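Read the structure below first, then the notes.
The values are calculated or read from the model by the stated rules, or taken from the named source; none is laboratory data. Bear in mind that the values here come from a model prediction, so they are computed numbers and not experimental data. All Cβ positions, even for glycine, are placed from backbone atoms using ideal geometry, and neighbour counts span all protein chains on display.
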Amino acid sequence: METILNGGINLIAALQSLGDWLTLPMKFFSFLGIEEFFLLLLPALYWCVDAGLGLRVGVILLLSSGVNHALKLAFHGPRPYWFSTQVRAFDFETSFGVPSGHAQTAAGVWGMLACGIKRKWAWWAAVLIIFLIGLSRLYLAVHFPHDVILGWLIGGLLLWLTLRFWGAAAAWLEKRTLGQQILLAFSASLFMILVSLPGFLWLRANWQIPAIWLQNAAQAFPQGELPDPVGLSGAITPAATLFGLLTGLAWFNRRGVFSTTGPAWKRILRYVLGMVGVLVFYIGLKVLFGLFVPDGEALLPYILRYVRYALVGAWVSAGAPALFILLKLADKAKK
């Protein structure tokens, strides 16, 4: 393993030797794979363009995030700038490195977008973006080459599985009652958390972060947070959001089908009003809960995180569309 890691360090150093002028574009492409970017993109897609495609993109994003967190705990590999001082850290991360969440998410999300657009240019654009996101993570020294390659492979596999079974799963779920759909959504959410639990418990009991990783991280990125990779927050966030998204969808679809059609001004207003609601739950509740319980890796913060992200998901799939219809900014077509 040392040979692989040292080889990765050499490749990253070679990339960084091309010049600091690459820092800004590499940070831009890295941004195309982070949570905050998708928090802006997915509501726009779901409310204003194509709700069906938005749902598929959202589901693969959340599934990928949950799988990625479990695998990070299982492999518990370092970031390059934790491992060696031969590379410069242009960004910092507190979680384990392998597999790359950015690369994995990029393969799933941008691949799903290309499938939805169904144009050759969309596939070329998706492949280029996926490649550049992975490359950016190398240049920024937050991932080794094998982290990125494994992320691409897992993301591609999840994309194939989602496309392969989506139709059959959707048809089966439509025959279930509302209560059954909610129970299934909660069970899937709980399973996503439980998948990460063995790795979390084993690391807590048997593993300690090497002192040299902390020392190198502090030296490479003094203004960044130190590595703190053992936790369940990364599993709870996508699991809770998926539960809220699917529960809201099940409830709302019993009352009709949300239509994304309409003039541009209505779509823009939908997005603005909807994002206000997202911010209320995403930021407002975080601030409110933080007044009473500090965020961290403990049971009560986990529960509050679950509630907050479940509300974000439910708002996107049900709360916001219901508001749009009430304000006559969207139509609800009957099934």
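Filter the helices (runs of 4 or more DSSP H) completely within region 12-110 down to those with at least 1 residues that are at pLDDT 95 or above, farther than 24 Å from L161 by Cβ and in contact with a helix residue (DSSP H, G or I) (Cβ under 7 Å, 6 or more places away or on another chain).
Details: elements: 23-31, 35-48, 51-75, 80-83.
Output list reads 23-31, 35-48, 80-83.
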State which residue pairs qualify: first residue touching a residue at least 60 places away in the same chain (Cβ under 8 Å) and over 23 Å from A169 (Cα atoms) and inside region 241-267, second residue β-branched (V, I, T) and surrounded by 19 or more Cβ atoms within 10 Å (Cβ to Cβ) in any location, beta carbons under 9 Å apart, and separation of 6 or more residues or different chains.
R267/T260
Residue count, region 62-82, condition crowded, with 23+ Cβ neighbours inside 10 Å and of a type in the set (A, V, I, L, M), comes to 3
Mind checking whether some residue in region 170-180 is closer than 25 Å to F83 by Cα and modelled with pLDDT of 95 or more?
no
Checked against (1) in a helix (DSSP H, G or I); (2) touching a helix residue (DSSP H, G or I) at 6+ places or on another chain (Cβ under 7 Å), F131 satisfies every condition except (2)
Mind checking which residues of region 277-335 are small (G, A, S) and free of Cβ contacts under 8 Å to residues at least 60 places away in the same chain?
G277, G284, G290, G296, A298
Single residue of F221, F243 found to be at pLDDT below 95, surrounded by 12 or more Cβ atoms within 10 Å (Cβ to Cβ) and not small (G, A, S):
F221
Determine the pairs where a residue that is in a helix (DSSP H, G or I), located within region 159-188, has a partner that is of a type in the set (D, E) with Cβ atoms under 7 Å apart, the partner being 6 or more residues away or on another chain.
none
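Looking only at region 134-160, filter to residues that are aromatic (F, W, Y) and in contact with a helix residue (DSSP H, G or I) (Cβ under 6 Å, 6 or more places away or on another chain); which one of those is surrounded by the fewest Cβ atoms within 10 Å (Cβ to Cβ)? First the steps, then the outcome.
Of all residues in region 134-160, those aromatic (F, W, Y) come to 139, 144, 152, 160.
Restricting the remaining residues to those that are in contact with a helix residue (DSSP H, G or I) (Cβ under 6 Å, 6 or more places away or on another chain) gives 139, 144, 152.
On the way: Y139: 23, F144: 26, W152: 21.
Here the residue is W152.
If only one of H76, H102, H69 is over 20 Å from M112 (Cβ atoms) and not polar (S, T, N, Q), which one is it?
Numbers: H102 fails: over 20 Å from M112 (Cβ atoms); H69 fails: over 20 Å from M112 (Cβ atoms).
The unique qualifying residue is H76.
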Within region 93-118, count every residue that is over 16 Å from the mean Cα position of the chain (by Cα) and surrounded by fewer than 21 Cβ atoms within 10 Å (Cβ to Cβ).
4
